[in-house]
Every structure is written in structure tokens, then in C-alpha cells.
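The values are calculated or read from the model by the stated rules, or taken from the named source; none is laboratory data. Given the structure is predicted, the values throughout are model-derived calculations rather than measurements. Note that each Cβ is placed from the backbone with ideal geometry, even for glycine, and that neighbours are counted across all protein chains shown. Side chains are part of the model used for accessible areas, which takes the heavy atoms of the whole protein and leaves out ligands, DNA and RNA. Shrake-Rupley method; radii C 1.70, N 1.55, O 1.52, S 1.80 Å.
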Amino acid sequence: MEIAMFIMIILIASILQTSTGFGFSILATPFLLLIFEPAEAIQINLVLSLVISAALIRTIRQDIDYPVLRRFISGSVIGLFIGIGIFLIADIDGLKRVIGIIILTLTLLLLFKFRIARKRGRDFFAGGIAGSLTTSIGMPGPPLLLYFSGTDSLKEKVRGTTLAFYLFIYAVSLLIQVVFAGTGPVVWTASLWGLPLVFIGLYIGQMLFRYINQKGFRIFTYIILAATGIYLLLDSFGML
């Protein structure tokens, strides 16, 4: 049962990440926590997400918003170290609860057409929050997804910029996790078994991206955000 669950998690998450530029950590991390210890689940997520970003970077580089990417990266550097501190000392269930409530609240605002203007300072802030969530719970996607949705960004720019950002954030986060939290053979064995599934997901996801229009992309974004927030809340209260 655990093997079948692992296959489904990695395959579906890979397809989602490739076709939208986000979603692997949002989908994979909560479900990997049902199979592995928290540090193992986060590190497996980081390894496989890094592989996806590295594999796609050449094909999506023309869609990257480089000024925004640089500000995301600059902001994330501080957030990375804040996140590992939270991971080492905080109550994980409490953290999931807070994040779940924030995600659901912001998703509701987006559904009611709340929009924000893109500014340099907000780029830095979004990157910082993404960095802190990467090393704390392995999920950098929600703050970037919320930010891009609130600024009505094109789906090509969303996918390209987030995947490029992930290439940096996942590599640094994995290094920080290994140094401060340690690692083990389970992480690398599971990651190795997950690689073929990732490459299958890459192929399917690239095909799907061509058929997703801007409106469908936005609706899909809201569904993923709402599902993530609900899952984090239910999991934090021990209901899953």
C-alpha cells in the first residue's frame, strides 16, 4: 500500500509541477508525511523537485521574469535560515495550522477579485516567505502562487519564474537541511526510486501545459491552494 501511494504521489505531483510550475511540494509533502518521518519527507521532496527544475530550466528560460527572480532569490536568503530555525524548535502541527489558515484566507480574497500591485518590496517579501517555508515544511509554492495570482501574471511567466526560483531554493534548502537536520539512506533510496516517475511526469506535464489556457490555469490555481489549506488544517488537528 505504501509503495502504491508513493508511486501515485510522485507521478501526479511531477505532472502538476511540470504543467503549471508549482505543485510538487504542495501535493507531495503532505502525503509523503504519511509514509516518512518529517525530515525524510521534506528532503525527498527537495531532491525530486530539484531534479524537475534542473530538467526543465533550458526549455523555460525564455519565460523567466529575471528581475522578479533576482528579488525572490534575495529575499529567500534570509527566509531560508528563519525556516530552519522554525523547523528545529517549533511545533510542526501548530505551524501547519497557521499556514493553512493564511492560505485559505488569501485564496478567498483572490476569489473575490482582490488584487495587488507588483512592487520590488513585495517581491522580496514573497521570496522571503517562500524561503522560510522551504526549510521549515518543504513547501515554497503557496506564497509565490498567491502572489502571482494576486498580480494576474501570465501562466508562462508563472511557470518559468517559479521553476527557476525552485532550482536555487531547493538546492540551498537541501544543503541546509542536511547540515542542520542530518539525512539518511531512506531519503536517497526513495529519491532514486522516484526518479523514473519524475521523468514520466515531466513528459506528460509538458504535453498538458500546451492545452491549459489562462482562465483554466487560474481556476486550477485556486483549487490547489484551497486543497492545500484544508489539508494542512485537517492534518494539524490529527483528522487525517
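You can think of it this way: the chain between PHE81 and THR189 has 36.2 nm of extra reach, that is 0.36 nm per residue less the Cα-Cα gap.
Largest mean-square fluctuation among LEU16, LEU195, LEU46, in a Gaussian network model of the chain whose springs join Cα atoms under 10 Å apart, belongs to LEU195. Above 19 Å, the calculated P(r) of region 55-104 contains 54 percent of its Cα-Cα pairs. Can you give me the solvent accessible area of ASP152 with a 1.4 Å probe, rounded to the nearest 10 Å²? We get 80 Å² for ASP152.
Of the residues SER74, SER19, the one with the largest accessible area comes first in the ranking SER74, SER19, computed with a 1.4 Å probe on protein heavy atoms.
Each of ARG122 and MET239 was given a label point 7 Å from its Cα along the Cα-to-Cβ line. The distance between the two points is 3.2 nm.
When Lys and Arg each count +1 and Asp and Glu each count -1, what net charge do the other residues less than 13 Å away from ILE99, Cβ to Cβ, add up to? Taking every Cβ under 13 Å from that of ILE99, the sum is -1. Looking at region 131-240, the chymotrypsin sites (Phe, Trp or Tyr not before Pro) that sit in a DSSP loop and have at most 16 other Cβ atoms within 10 Å of their own Cβ are TYR211, PHE237. Summing charges over neighbours of SER236, with a neighbour being any other residue whose Cβ is under 9 Å away from its Cβ, gives 0 when K and R count +1 and D and E count -1. Over region 93-195, what percent of the accessible surface lies on carbon and sulfur atoms, probe 1.4 Å? Looking at region 93-195 in its full context, I get 75 percent from C and S. Normalised size of region 1-85, defined as Cα radius of gyration per 2.2 N^0.38 Å with N residues, equals 1.22.
Only helices at least 15 Å long along their own axis, judged from Cα atoms, and with Kyte-Doolittle mean hydropathy of 1.0 or greater: name those in the chain from DSSP H. Going by DSSP H runs, the hits are 2-20, 38-60, 66-89, 92-111, 155-181, 185-209. Based on alpha-carbon atoms, the Kirkwood radius and the radius of gyration of the chain give Rg/Rh equal to 0.93.
Running Debye on region 124-240 with equal point scatterers at the Cα sites and no solvent, what base-10 log of I(q)/I(0) appears at q = 0.12, 0.15, 0.20, 0.23 Å⁻¹? The Cα Debye sum returns log10 ratios of -0.56, -0.90, -1.39, -1.42.
In the chain, helices alone account for a calculated mean residue ellipticity at 222 nm of -28500 deg cm²/dmol, with every DSSP H run of four or more residues adding -39,500 (n - 2.57). Its Cα gyration tensor gives region 195-240 an equivalent ellipsoid; the semi-axes, largest first and in whole Å, are 27, 18, 4. Extension gain for ALA55 to GLU37 (0.36 nm times residue separation, less C-alpha to C-alpha distance): 3.8 nm.
Over the chain, accessible surface divided per residue gives 45 Å², non-protein components excluded, 1.4 Å probe. Compute the label zone of ALA226 within region 80-121: residues whose backbone N is under 17 Å from the point 7 Å along Cα-to-Cβ. Output list for this probe position: 100-114. Length gained on full extension, ALA90 to ILE212: 40.0 nm, using 0.36 nm per residue less the C-alpha separation. Please compute the Kirkwood hydrodynamic radius of region 57-151 from all pairs of different C-alpha atoms, in Å with one decimal. About 14.0 Å for region 57-151. Remark on MET139: its backbone amide H falls under 5 Å from those of THR134, a criterion applied only to residues 5 or more positions apart or on other chains, H modelled at 1.01 Å from N.
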